[in-house]
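For reference, the structure discussed in these notes is given below.
Read-outs: derived from the displayed coordinates by stated rules, not from any lab. In this text the structure is predicted, and so the values were computed from the model without any measurement. So basically every Cβ, Gly included, is an ideal-geometry build from the backbone, and we count neighbours across all protein chains shown.
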Amino acid sequence: MTRLFFSIVAVFFCFFFVAGSVCAQEHKSRYVTLWYADRAVLEEFDDNLRLNRKLRNGMRKNNVITVADGVLAKADIIVEKVQVVLDMFPNSYHVRLVVLPDSDDVARVYQSRYGKRVNHIAYYSISEKTIYISADDVSLRVLAHEIGHSVVDHFFKVRPPYNIHELMAQFAEKHVTD
Ligand SMILES: [Zn+2]
């Protein structure tokens, strides 16, 4: 019964997700392609993603008109800061950022991909070069952690062991506010 329920939820969500992706506009910046389910979710994400003053001052604000523009400007400056913190500047860095309403949605996507139930508020998929993240739970540190994983992933030709990958992401998370 439980199993049946999960597969129904997973199938429903994939459908929803695909339909949403088709309807949603693609927003692209230098480093990030942004996807989101709806505007309210993106606004919540933007509200929760508060930068410190140093990062805010470094943002390119000239083309910021919509909420999506603002989110992309924030994401780009975090990418740049994480690259400096890790001292890793991959040649062709680009990542997809999928903003989901909450951690249940992140769990559903994870389950649909890997068949495992987890309770992550965000994760980075190496095979899809994509960050899945909960608008409800996002913060500067959470996003910096996942961007850390993506920078490490783009930088190394041979993937470092899982624990090292994780340590570098934690380092990025810790020092993004320096
Ligand atoms: Zn991690």
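Here the Debye sum runs over all C-alpha atoms of the chain as equal scatterers in vacuum, and log10 of I(q)/I(0) at q = 0.12, 0.17 Å⁻¹ comes out as -0.54, -1.08.
What is the extension gain from Asp87 to Arg159, computed as 0.36 nm multiplied by their sequence separation minus the C-alpha to C-alpha distance, in nm to one decimal?
Details: separation 72, 0.36 × 72 = 25.92 nm, distance 1.69 nm.
Gain in length upon complete extension: 24.2 nm.
When you restrict to C-alpha pairs under 8 Å that are six or more residues apart and normalise by the size of the chain, the relative contact order lands at 23 percent. Karplus-derived 3J(HN,Hα) values for the stretch 163-178, using 6.51 cos²θ - 1.76 cosθ + 1.60 with θ = phi - 60°, are 5, 5, 3, 5, 4, 5, 5, 5, 5, 4, 4, 5, 9, 4, 8, 5 Hz; glycine and proline are entered as x.
What is the stretch 69-162 by shape, rounded, prolate or oblate, if you read a ≥ b ≥ c off the alpha carbon gyration tensor as root eigenvalues and call it rounded for a/c under 1.5, prolate for a/b larger than b/c, and oblate otherwise? Present the calculation step by step, with values, prior to reporting the outcome.
Values: a/c = 2.13, a/b = 1.30, b/c = 1.64.
In terms of gyration-tensor shape, oblate.
Of interest is the spacing of the C-alpha centroids, which for the stretch 113-178 and the stretch 83-110 amounts to 6 Å. Projected label points at Arg39 and Lys174, each 7 Å from Cα along the beta carbon direction, are separated by 4.2 nanometres. Derived scalar couplings between HN and Hα for the stretch 120-129 equal 8, 8, 6, 7, 10, 9, 5, 5, 9, 6 Hz in order, rounded to whole Hz, by the Karplus curve 6.51 cos²θ - 1.76 cosθ + 1.60 (θ = phi - 60°), x for Gly and Pro. Coupling constants for the stretch 67-81 follow from the phi torsions by the Karplus curve (6.51 cos²θ - 1.76 cosθ + 1.60, θ = phi - 60°), and in residue order they are 4, 4, 4, x, 5, 5, 5, 5, 4, 4, 6, 5, 4, 4, 5 Hz; glycine and proline get x.
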